[in-house]
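Just below is one structure, and these are the notes that go with it.
The values are calculated or read from the model by the stated rules, or taken from the named source; none is laboratory data. All values reported here derive from a predicted model rather than from experimental measurement. As a convention, Cβ positions derive from the backbone with ideal geometry for all residues, glycine included, and neighbour counts pool all protein chains shown. The accessibility values were calculated without ligands, DNA or RNA, using every heavy atom of the protein model including side chains. Shrake-Rupley method; radii C 1.70, N 1.55, O 1.52, S 1.80 Å.
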Amino acid sequence: LEVVFEQGEIDQKISELPFELTGAQLSALREILTDMKSPYHMNRLLQGDVGSGKTVVASLAMYAACLANFQAAIMVPTEILARQHFANLKALFPELQISLLVSGLKVAERREILADLVSGHTHMVVGTHALIQEGVDFYNLGLVITDEQHRFGVNQRKILREKGQNPDVLMMTATPIPRTLAITAFGDMDVSIIDQMPAGRKEIITRWVKHQQLNLVLDWLVKEIQKGSQAYVISPLIEESEALDLKNAIALEEELIAYFGDRARIALLHGKMKGEEKEAIMQAFKQGEIDLLVSTTVIEVGVNVPNATVMIIMDADRFGLSQLHQLRGRVGRGDKQS
């Protein structure tokens, strides 16, 4: 699949960005675009720590595919993240037709989006697993991106790939994969690495605290909130049951409300909530109307609130390594120390 586009148009778009791309972002983008231009089928893994700016690199690759009259699709693991990507892409490319495909759509809305994909009216689509369902067909899909690729199975990625005529494939991950393992696990893939953080980001300080010291942590948290910071408090997954998981989060929220009283505005976010409810809470948190967000791991991937500088993870040993890595990446997204 040869993707033919004007490099000048991409450079123009880069110059319009509200921030400067890092050297690492530019070289990763160069590698991806070179692959897309070549007659060979791209199969690339883009790896970079949380917050290193993989999304904008992926967006520019999608833009290149659209300039060449192909469609581009990005599949992400959660609806919160899909909505966030959708908003970002619309802001970056107001001139393109961009669709959002998630499971909770109304029938008519979904039908319209599917029709636009088949007719080629839609240039870019962002979606969750809803992208790989029956009946989702494309006019000419040229680039497929999966974000947080470890969250999708091999078959899920394959189904998405088969929706096009052997489209170029880019997978993104923030989980640090040692080179040797990358070669074993992704032997047929080329790897691009973004190993540089955007300017002005500070290293995140990570501490391990015993349970009986929780009050010290909460006392310190009161001071941070008074300084204008916002915090996440993450409740662990006790077992694979949302009901228990939820009970746990509710208990934690009650404890914190009792402790903070009127010194902090506290809200709860969990997987059982409806999409719009989650969205409303996230927006309130983003706008600084909530100081403490008690959450289960629905928060884990891709949520971007630059003013949130503290994260407390309860029972951290219950989480997997890539989960902890993702969670930690929710803070340190602004210029304050996290």
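For the reader, a short list of remarks on this structure follows.
- The listed residue being touching a Pro at 6+ places or on another chain (Cβ under 8 Å) and in contact (Cβ under 8 Å) with a residue 24 or more places away in the chain, out of GLY104, GLY51, GLY120: GLY51
- With respect to the stated conditions, GLU134 is outside any helix (DSSP H, G or I) and either within 27 Å of THR34 (Cα to Cα) or open to solvent by 20 Å² or more (accessible area, probe 1.4 Å) (or both).
- Matching residues in the stretch 107-119 - criterion: being under 23 Å from LEU60 (Cβ atoms) and either part of a loop (DSSP other than H, G, I, E, B) or among the hydrophobic types (A, V, I, L, M, F, W, C) (or both): LEU117
Conditions (1) over 24 Å from GLY334 (Cα atoms); (2) at pLDDT 95 or above; (3) assigned to a loop (DSSP other than H, G, I, E, B), marked per residue:
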| position | (1), (2), (3) |
| --- | --- |
| GLY51 | no, no, yes |
| SER59 | no, yes, no |
| MET62 | yes, yes, no |
| ALA65 | yes, yes, no |
| ALA87 | no, no, no |
| LEU100 | yes, yes, no |
| LEU105 | yes, no, yes |
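- Looking only at the stretch 7-25, and only at residues there that are of a type in the set (S, T, N, Q) and buried (at least 17 other Cβ atoms within 10 Å of the Cβ), the one that is farthest from ALA68 (Cα to Cα): THR22
- Extreme residue, modelled with the lowest pLDDT, among residues of the stretch 232-253 that are in contact with a Leu (Cβ under 7 Å, 6 or more places away or on another chain) and outside any helix (DSSP H, G or I): ILE238
- For the stretch 133-141, the criterion of being in contact (Cβ under 8 Å) with a residue 24 or more places away in the chain, of a type outside the set (Val, Ile, Thr) and closer than 25 Å to VAL50 by Cβ is met by no residue.
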